[in-house]
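Every read-out reported here was derived from the displayed coordinates using simple, explicitly stated rules and does not represent laboratory data. Since the structure is predicted, the reported quantities are computational estimates derived from the model, not experimental observations. Here Cβ is always computed from backbone atoms with ideal geometry, including for glycine, and neighbour counts include all displayed protein chains.
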C-alpha cells in the first residue's frame, strides 16, 4: 500500500516536472536541500527494497529453477543493491 | 476407409512418439483410437480408462498438447491443420508407462491441503442443518463435483514450474471444505493452504478453469482461499 501511494505521488511529480518544462538544473534547484523530498523518496526506496525481493524470489524459483534458499539469498542481495543505489540517488539530488 | 495418423508416446520420461495408422471413422473419440491401437496394432501399449462415457475421469491424457478426457474428445474436434493426432500422458506427473501416469503425488497434494472432511457429529445425533442457499454452501457446491481426474493439475504451468505447489484440484477441494460449516479443521486447513506451496503461488493463469471437464473453476476457488487466508493473517489467526 505504501508503495502504491509512492508510485502515484512519483507519477504526479514526474508529470508536473515534464509538463512544467523544468530543465535538469531547475529540477535539481528544487530538490537540493529539500528534506521533504529526501524523506518521501527514501521511503519510496525502502518500499521498493521490501517489495521487489518477494517477486524476484518467485521468478528465480519458477523461471530459473533456483532452490528456495538460493532464490531468497539472490533476492536479498538484489534488495540491498536497490537500497544502496536508491539511497545514493536520493543523496545525489538532495545533498550533493 | 480413410486413415488417421496418430503419434503416441511410448516409454517413460525417456521415450519417443511412435506412429500408428488407424481407420478413421465418424464419431470417433480419441479413446476409440487408443483402444484400436492397443487391440490391433500394439498390444503392449499402456493406457487407462474405465467408464468410457465421461464420468470417471480415468482416461485423461494430453491430446495435441492439451489435457482432455479422451472418451469425451471427438477426433474431429482436435485434429491439427495437417490432420494429425498426438497423444501423450498427462503432464506434471511421473510416467509409469506410455500413457499411464503415477497419480499418487496428485492425491498426496490433496491430503496436504487438508482436502478431507472432519466433523464432530456422530450417528447418534440428528443431521446438522445447512442452509442450501447460504453463500458458503453455494460456494462449496460450486466446486464439489471434482472427481480428481488431474486435467487441471496437468494444465497448470505453475505446477510445472514449482513442483510442490498444491495445485488447482487440491486447493479447490480445500475451498469447498473451508466453506463447509460442519468441518472442524478450519485453522489447520488455512495454514495448510497458505504459503508458497499453497494458494499464494497461483498466478491466475486460468488453464485449470478453462480445461476442467466438469466446468469447475479452481481459479475462483483459489481466489477465495487467498481472500480468506489474507483476512485470517491480518486478524492474527494463522
*Using the number of other C-beta atoms within 10 angstrom as an exposure proxy, rank B:90, A:84, A:74 with the fewest first.*
A:84, A:74, B:90
*With axes computed from alpha carbons, what is the tilt in degrees of helix B:218-234 against the longest principal axis of chain B, rounded to the nearest 10 within 0 to 90?*
30 degrees
*Using a ≥ b ≥ c from the Cα gyration tensor of the stretch B:148-202 (square roots of the eigenvalues), is it rounded, prolate or oblate, where a/c under 1.5 gives rounded and otherwise the larger of a/b and b/c decides, a/b for prolate?*
oblate
*What does the highest-first list of B:76-84, B:30-38 look like by mean Cβ count within 10 Å?*
B:30-38, B:76-84
*asked:* Compute the distance from the alpha-carbon center of the stretch B:171-238 to that of the stretch A:44-96, in whole Å.
replied: 29 Å
*Which of the peptides B:219-230, B:169-180, B:122-133 is most tightly packed, and how do the rest follow, judged by the mean count of other Cβ atoms within 10 Å per residue?*
B:169-180, B:219-230, B:122-133
*Sorted by average packing, counted as other Cβ atoms within 10 angstrom per residue and highest first, what order do A:13-20, B:153-160, B:19-26, B:185-192 take?*
B:153-160, B:185-192, B:19-26, A:13-20
*Let me see the pair-distance distribution of chain B: every alpha carbon pair, 5 Å bin width, integer percents in order.*
1, 7, 13, 16, 16, 13, 11, 8, 6, 5, 3, 1, 0, 0
*What are the semi-axes of the equivalent ellipsoid of the stretch B:3-101, taken as the square roots of 5 times the eigenvalues of the Cα gyration tensor, listed largest first and rounded to whole Å?*
18, 16, 13
_Can you divide the C-alpha Rg of the stretch B:103-233 by 2.2 N^0.38 Å and report the result to two decimal places?_
1.03
_Descending principal axes extents, chain A, alpha-carbon based, whole Å_ = 48, 25, 21
